Each structure stands twice: as C-alpha cells, then as structure tokens.
C-alpha cells in the first residue's frame, strides 16, 4: 500500500512493501530535476534526509534506452543509462519521470537495489527484467528475494498509443489483452501493469503498484503529456541501510 510522508514539510510517496531501505517517490513539492527552476535546495534536503552528502546522490543521464549500470562512489557520470543498480550504503540514487513508469527493486537477502526507467521504449525492451537479470549475474540476486514497487506513471485510464507501440508492448508478456483496450477507436495500454506482468513472469512475487496516474493526479506529479512537454520531473529515490 502506498502512503504519503513529508520531508521538511514536502510530500514524498512510499510503499509499505519496502521497510528495510529508503525507497520513495518525490512529488511536485520536492522536484530534483527541472530546467524551469533551481532544484539545488531540494537535492540538499533529500541528501540530508538520506544522511549522505549531496555529491553522493547520483542520477544517470536517461535516454529511453535499456542500458543498465552500477553506481560507484568514485564516479558521477552515467551517460545513456536508464537503470542503475545500487550496492554501496554511502550512496543514494535517483531517476526522473514525468509519465514513464518508475520501478524500484530491492533484494532483501543481498541488501542491494536498483531503479529502472520504463517508458514505453524501456518497457518494450523489458528494462525491469533485464535489471533483475544483471543483479543476478553481477551480485547473485534471485527473483524470489526481490521486492518491486512500481511508482506513479500515466495510467491505463489515460495512456493511448499507436499501433506500432501496441505491437511492441504486446510482444513482451502473455495474456496482453487484459492490459489493453480499444476506446472510441483509440488503443489504451496499462504500462504499470505491463511492467508488473514482466516481473511476475520472471519469478518476482512481491510487487506493489502505485494507484496514482500522472495525468489524473497532475496536482501531485509531473506529466509530460499533460503539461506541454514540461522539463520538470518527479523522481524515484533509493538508499540502502
């Protein structure tokens, strides 16, 4: 179940499925990425809350790829990266969203985690399962030990796509008809639950899916579609203990 907490009076969104690490989603009230206003103070607030220096709060350059990297303390730049694995307790990571699906993963046995950025391109490339696979290859994670929380994104209610996108997403999971619908001649797909299904199909059992739609709940989260290509983003944040 998802619930709001506050940092310095500003709301963040958490899931009670993950209790052993700091894992949450920021809201419009505490934006970490925007070309429209300065986010420096917000980054300092989040870093203080995580008990790390602002320099150790790391974010990659996202390009809607399926590229996955591992965060390390001696490195700041992660170009062309849409999922980041975290193994070090002195670092925090965040990825940025404004309709695309944020997926936070946590291996409760190995005490490592990751964040994946799953827009339709990332979802079509199965970036969340690929991140789990890399966690397994590099750090011996097992899907049965991983918890996933899927954060605020454009909902089934609002996400219409073209035929090409529909076909690419359809190819990624079984029983896709449950996750798509034709309304007044337009194709709608359930991006959050497509990601959930992808994770279920590789053996992840503990998954919490956020009910908030970035379009319907635009007062709480940013929406690229609903806000004329805004540069502002809400973020998925992860810090190990």
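Tabulated results
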item: Total residues in the stretch 231-241, condition surrounded by 17 or more Cβ atoms within 10 Å (Cβ to Cβ) and part of a loop (DSSP other than H, G, I, E, B); result: 2
item: The stretch 212-239 residues that are in contact (Cβ under 8 Å) with a residue 24 or more places away in the chain and at positive phi, paired with ones that are surrounded by 17 or more Cβ atoms within 10 Å (Cβ to Cβ) and assigned to a strand (DSSP E or B) (beta carbon under 8 Å, 6 or more apart); result: none
item: Hits in the stretch 25-42 - residues which are in a helix (DSSP H, G or I) and surrounded by 20 or more Cβ atoms within 10 Å (Cβ to Cβ); result: 30, 42
item: 1 or more residues farther than 26 Å from residue 114 by Cβ and modelled with pLDDT of 95 or more: qualifying strands (runs of 3 or more DSSP E) within the stretch 129-208; result: 180-183, 186-189
item: All positions within the stretch 76-123 that are surrounded by fewer than 19 Cβ atoms within 10 Å (Cβ to Cβ) and not in a loop (DSSP other than H, G, I, E, B); result: 121
item: Among residues of the stretch 209-219, those that are part of a loop (DSSP other than H, G, I, E, B) and under 16 Å from the mean Cα position of the chain (by Cα), counted; result: 4
item: Residues (in contact with a helix residue (DSSP H, G or I) (Cβ under 8 Å, 6 or more places away or on another chain) and crowded, with 19+ Cβ neighbours inside 10 Å) located in the stretch 210-230; result: 210, 221, 222
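The values are calculated or read from the model by the stated rules, or taken from the named source; none is laboratory data. Model, not experiment: these values are computed from the prediction. Neighbour counts run over all protein chains shown; Cβ positions are idealised from the backbone, glycine included.
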